[in-house]
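Written out below as structure tokens is the structure these notes cover.
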Amino acid sequence: MCTHSITTTGSNREGFLQALDKRCEAQVEALAQCLRAQETNPELSCEAKKQELSECSNSNFEVISLVRTRCERQLNRFNKCISQHPHDTETACRSEIDHFFSCADMIISHYNKLHPQPSTKSSTS
């Protein structure tokens, strides 16, 4: 997945991205491509790609919708920083990235406790 240039380290990010990846992979990839293109063409807008990803996450995956709602402040700060620093997101937005993914991990962990995944172990009865 191409957004890893921003989000490769930390289990918080990996858990969130895996959940998002499964349902909205095409939209994540399209946004990542747009953000990379924006590095060489600052006039390029990625708002439509962000909206498509937002719509996918809201319509396809309950936990992502919960993250967007419960971590709205962190997500808004994250998005604002990325918009303000498109050429130096990794360094300039480190705090915003970390705060958002920390919040997201807390929501995902809580959700997973309330909605455990079916066991993948095979029964030998």
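With the structure loaded, tell me whether residue 27 is more than 25 Å from residue 111 (Cα to Cα), at pLDDT 65 or above and surrounded by 12 or more Cβ atoms within 10 Å (Cβ to Cβ) or whether it fails that test. For residue 27, the condition - more than 25 Å from residue 111 (Cα to Cα), at pLDDT 65 or above and surrounded by 12 or more Cβ atoms within 10 Å (Cβ to Cβ) - is not met. Of all residues in the stretch 69-84, those that are assigned to a helix (DSSP H, G or I) have Cβ atoms under 7 Å from Cβ atoms of residues that are small (Gly, Ala, Ser), 6 or more apart or on another chain, in 81/92.
From the list 43, 14, pick out the single residue that is within 11 Å of the chain's Cα centre (by Cα), open to solvent by 80 Å² or more (accessible area, probe 1.4 Å) and at pLDDT below 90. Result of the check over 43, 14: 14. Summed over the stretch 76-92, the residues that are open to solvent by less than 20 Å² (accessible area, probe 1.4 Å) and at pLDDT 90 or above give a count of 1.
The values are calculated or read from the model by the stated rules, or taken from the named source; none is laboratory data. Remember, predicted model here, so these are calculated numbers, not experimental data. We place every Cβ from the backbone using ideal geometry, glycine too, and count neighbours over all the protein chains shown. To get the accessible areas, we keep the full protein, side chains included, count just its heavy atoms, and leave off ligands, DNA and RNA. Shrake-Rupley method; radii C 1.70, N 1.55, O 1.52, S 1.80 Å.
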